[in-house]
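Okay, structure first, notes after.
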Amino acid sequence: EGKGPTPRAEDRHWYKDKKRSTRSAAPTSSRPARKPAPDSSGESHVVSGRNPVIEALRAKIPVSQITLQQRIERDQRINEIMQLAQKRSIPIMEATKPELDRLAGHDIVHQGVVLSVPPYRYFDPLDLAEKALDRGNALLVATDGVTDPRNLGAIIRSAAAFGGQGVIVPKRRSVGVTPAVWKTSAGQLSHAPVAMATNLTNTIKALKE
């Protein structure tokens with residue numbers, strides 16, 4: 001047997017209770033305002049691989065710590081990493097290979113060294129162009145629709161090799177600077193930095209002017 005017609009919302013007890021509590025509520029509340037959710041983009045990033053780590057240290061980017069694999073075989077690059085870290089008073093930690101795999105990402109070859117860095121700070125495209133023009137003829141590379149971080153890293157590496165002063169990526173439908181980009185670029189982000197454009201078409205028009 002059916003329960004009869006569905007009662008209207010205003011006839012249900014939860015609706016009446018809600019209206020009653022709304023009327024009785026004070027105009028102002030002493031309850032503290034909810035804090036905004038933490039921004040996931042503020043999390044620290046990592047740079048892995050011996051050459052990218054050396055390039056990052058040479059460029060003096062902000063670093064929180066360096067993690068080396070336990071009982072790592074020291075070569076010239078590892079020695080330079082340790083020397084640069086000592087000069088800048090950067091703490092060096094040791095970890096097992098599985099721990100480094102997790103820290104760097106299981107699809108990244110870290111070569112036994114991982115650098116923890118703050119999120120990448122993108123340049124303004126026009127500021128990047130002005131700095132490049134101050135040094136002579138500006139060569140900037142604008143990318144569109146590049147979603148694979150390894151492709152972006154290869155573009156940055158190639159741009160730096162041909163004397164490019166920077167790479168521009170759109171804010172939407174494009175990969176940003178990730179640990180994989182640092183790795184694939186072989187640390188060339190210090191020579192060909194990345195700028196982010198809100199609207200790539202308008203940015204190119206402004207750069208032409």
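The numbers here are math on the coordinates, done by the rules we state, and not lab data. Everything numeric in this text was worked out from a predicted model, so none of it was measured. As a convention, Cβ positions derive from the backbone with ideal geometry for all residues, glycine included, and neighbour counts pool all protein chains shown.
Extension gain, Leu207 to Asp148: 0.36 nm times the residue separation minus the Cα-Cα distance gives 18.7 nm. Coupling constants for segment 116-128 follow from the phi torsions by the Karplus curve (6.51 cos²θ - 1.76 cosθ + 1.60, θ = phi - 60°), and in residue order they are 8, 10, x, x, 5, 9, 6, 7, 7, x, 5, 5, 4 Hz; glycine and proline get x. Our estimate of slack between Glu99 and Glu73, defined as 0.36 nm per intervening residue step minus the Cα-Cα distance, is 7.6 nm.
Taking Cβ atoms as reference points and 15 Å as the exclusive limit, the residues near His191 contribute a net charge of +4, counting Lys and Arg as +1 and Asp and Glu as -1. Applying the Karplus relation 6.51 cos²θ - 1.76 cosθ + 1.60 with θ = phi - 60° to segment 199-204 yields 3J(HN,Hα) values of 10, 5, 4, 5, 5, 5 Hz, where x marks Gly and Pro.
Would you please classify the overall shape of segment 90-191 from the alpha carbon gyration tensor, given that a ≥ b ≥ c denote the square roots of the eigenvalues, rounded means a/c under 1.5, and beyond that prolate means a/b larger than b/c while oblate covers the rest?
Prolate shape, in that a/c is at least 1.5 and a/b is the bigger ratio.
Rounded to the nearest 20, the Cβ-based charge dipole of segment 58-209 about its Cα centre (Lys and Arg +1, Asp and Glu -1) stands at 80 debye.
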